[in-house]
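Single-structure report; data block below.
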Amino acid sequence: MENIIIGKKVASSKGIPKGSTIKKDHLDAMSKNDWFKIRFQNEAINKQLKQIELNLNEYRENLKRFLNKRNLRYLMEMT
């Protein structure tokens, strides 16, 4: 994701002035989850990042479900 963001101009972001070009230092100072809160002047970049965020959230939910089922099976085997 870093390679998508670096060098792009900011439309709005907490702590980064509007019109600034994103540098690695900006990203290093933020949590990766906060990267999704940056809005860029290029709408295609905003859409791409939104899709990445949705995919990541879906992956996390699927992983949680898988681990919960696996733990449940393990607990049932223990009894």
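The values are calculated or read from the model by the stated rules, or taken from the named source; none is laboratory data. Being a predicted model, the structure only gives us computed values, none of them experimental. Here the Cβ positions follow ideal geometry from the backbone for every residue, glycine too, while neighbour counts run over all protein chains shown.
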Check: Can you name the residue in the stretch 3-48 that is under 25 Å from R60 (Cα atoms) and among the basic types (K, R) and, of all such residues, is modelled with the lowest pLDDT?
Finding: K32
Note to self: Cβ-Cβ under 9 Å, sequence separation 6+ or interchain: first residue in the stretch 28-52 and in contact (Cβ under 8 Å) with a residue 40 or more places away in the chain and over 18 Å from K9 (Cβ atoms), partner surrounded by 15 or more Cβ atoms within 10 Å (Cβ to Cβ) and of a type in the set (V, I, T). Which pairs?
What the structure shows: none
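Yes/no per residue for (1) within 15 Å of I4 (Cα to Cα); (2) of a type outside the set (D, E, K, R); (3) part of a helix (DSSP H, G or I):
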| residue | (1), (2), (3) |
| --- | --- |
| K18 | no, no, no |
| H26 | yes, yes, yes |
| M30 | no, yes, no |
| N46 | yes, yes, yes |
| L49 | yes, yes, yes |
| L56 | no, yes, yes |
| R60 | no, no, yes |
